[in-house]
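Okay, so here's the structure we're looking at.
Laboratory data are not the source of any read-out in this text; all were calculated from the coordinates shown. As the structure is a computational prediction, the values presented were derived from the model and not from experiment. All Cβ positions, glycine included, derive from the backbone under ideal geometry; neighbour counts span all protein chains shown.
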Amino acid sequence: MDGTNDTYNSDNKHKKYKTFLGIRSDRLIFFICLLIASLFWLLIKLSGTYSVNYTFGVVYNSPPPSLRITKVIDSTLDLSLTARGFAILKMNLFNDMDVLGINLENYTIDHKGGNRYSIYSQELRQRLAELVNVDEKDIQLSRAVLTFEMEKTGEKILPIVPDYVINYANQYDLYNDVSTDPKTIKVYGPQGVLDTLKNIGAKRLILDKVKTDQVLSIELNNPNPELLSFEEKKVLLYFEVEKFTESELLVPINLSNLDFNIKTFPSQVKVFYRVAQKDFNEVRAHQFNIFPVVDNLDVIHAHKLPLKISKKPDFVRNVRIVPTEVEFLIIK
């Protein structure tokens, strides 16, 4: 009896399973066919040619540095486009179809007199045609020209002050002062704003483990982008880097500044310095001047004279003398 029931239940489950699979298979085939049909229908539709109309709000930007936009006269533009569905879909997916940004750097600006300027829509049509990959004749614009007003701004030439943090590799250091190209920049804007500026900074530069010369292009900082514009937007920074070494030499103490005769002990001192390896053999003792300081000093009762260095080669750094003071004997 138990064996019969087990066989019945097994057959029943198997029958339901097959039925279940059969239903799912039918539905799956239906949905696949529907999807394929929809895809072909979409491809057929997108391959067709359509005419569409758009109305854009026009935004003008990047005027010439010596001018600033004060009034927008033509603020809207109607566009009629005839193109394949693929091009129209692409344009709608990847472009803002409400606002048309016009970079004036890319167009010929016509001065109409006074503060009035314009650009010709023919140039705009060419660029739109390239964007959507259609012929120019398939694009119609509602205006032949787009007009706006600009006024001349004040100008001021300001020095460029770079901002950098450089960590050099072991034994390496900056050889000369960092230089910029250009060294100054012409800034345009309202005169009242220009009068408050002393210099123009650059974006902060951070370098680590530097041991070779660097030539880097750095963007300038505009403290007031809405009112100010620059002749150039970037500056080149030049870093000359060399390997340095520590060295020393003996330098005699110069007593020519004294009004009396003395003899110092010792008569010469050690001078320690850092120098670039390429200048190592150029250092000479006569390039240094070390002398005793006697101003405001009672020499008669003093036991030692402090020393000072007043001259050194421009290409050495971190100079120190040992000892920093010497004993002396007045010779009568």
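Points worth noting:
- Taking GluC sites (Glu not before Pro) across the range 148-229, the ones in a DSSP loop with at most 10 further Cβ atoms lying within 10 angstrom of their Cβ are Glu226.
- Inter-site label distance for Lys152 and Asn170 at 7 Å from Cα along Cβ, in nm: 6.1
- Straight Cα distances below 15 angstrom link Lys183 to the aspartates and glutamates Asp163, Glu219, Glu231, Glu232, with same-chain residues fewer than 8 positions distant left out.
- Distance (nanometres) between label positions extended 7 Å along Cα→Cβ at Tyr238 and Leu297: 4.3
- Rg over Rh, two decimals, the range 245-330 (C-alpha only, Kirkwood Rh): 1.02
- Full-extension gain in nm, Val215 to Gln191, via 0.36 nm per residue minus C-alpha separation: 5.3 nm
- Rounded to the nearest Hz, the phi-derived 3J(HN,Hα) couplings of the range 245-260 under the Karplus curve 6.51 cos²θ - 1.76 cosθ + 1.60 (θ = phi - 60°) are 9, 8, 8, 8, 7, 8, 10, x, 7, 8, 9, 6, 7, 8, 8, 9, where x marks glycine and proline.
- Pairs exceeding 21 Å between alpha-carbon atoms, taken from Lys209/Lys234; Lys263/Lys308; Lys71/Lys233; Lys203/Lys278: Lys209/Lys234; Lys71/Lys233; Lys203/Lys278.
- Virtual paramagnetic centre 7 Å along Cα→Cβ of Lys308, amide N under 15 Å, in the range 279-296: 289-296
- Spin-label model distance (nm) - Ser75 vs Arg127, 7 Å beyond Cα toward Cβ: 2.1
- Its residues counted as N, the range 144-260 yields a C-alpha radius of gyration over 2.2 N^0.38 Å of 1.68.
- For Glu232, distant residues with modelled amide H under 5 Å away: Lys186
- The HN-Hα couplings worked out from phi for the range 284-300 by the Karplus form 6.51 cos²θ - 1.76 cosθ + 1.60 (θ = phi - 60°) are 10, 5, 5, 7, 10, 10, 10, 9, x, 9, 10, 4, 6, 10, 7, 4, 4 Hz, whole numbers, x standing for Gly and Pro.
- Potential lengthening of the chain between Ile331 and Asn261 amounts to 24.7 nm, from the contour at 0.36 nm per residue minus the alpha-carbon distance.
- Amide proton proximity set for Val269, modelled H, under 5 Å, gap of 5+: Val251, Ile253
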